[in-house]
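Each value in this text was obtained by applying a stated rule to the coordinates, not by laboratory testing. Predicted model only: the values in this text are computed from it and were never measured. Positions of Cβ are generated from backbone atoms using ideal geometry, with glycine treated the same way; all protein chains shown enter the neighbour counts.
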Ligand SMILES: [Zn+2]
């Protein structure tokens, strides 16, 4: 296996991943939840965002909470809650 350069984007192989924030939309069934200000590494060429595991878990919790609240469409700011 060839070592993958940490900073390189695996999608376009041209851009570099830079720390920043992004907005993503998670969907399940008819429910769509937009989450803003999500910490991510964002490719400076194609814009693909990379999230780390703790961020992904937090996103799932925010998504679940919005669906549990009966939302069909919701916009949330990314807020980490330490359980
Ligand atoms: Zn890229």
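The table for this structure:
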read-out: Search result, residues across segment 50-70 that are in a loop (DSSP other than H, G, I, E, B) and out of contact with any strand residue (DSSP E or B) (no Cβ under 6 Å at 6 or more places or on another chain); value: 52, 69, 70
read-out: Pair list, Cβ under 6 Å, 6 or more apart: segment 7-29 residue under 30 Å from residue 72 (Cα atoms), other residue part of a strand (DSSP E or B) and within 11 Å of the ligand (Cβ to nearest atom); value: 20/42; 22/42; 22/49
read-out: Residue count for segment 50-61, restricted to those that are within 26 Å of residue 14 (Cβ to Cβ), away from the ligand (no atom under 16 Å from the Cβ) and crowded, with 16+ Cβ neighbours inside 10 Å; value: 1
read-out: Residues satisfying the stated conditions in segment 25-49, i.e. within 16 Å of the ligand (Cβ to nearest atom) and in a strand (DSSP E or B); value: 40, 41, 42, 43, 49
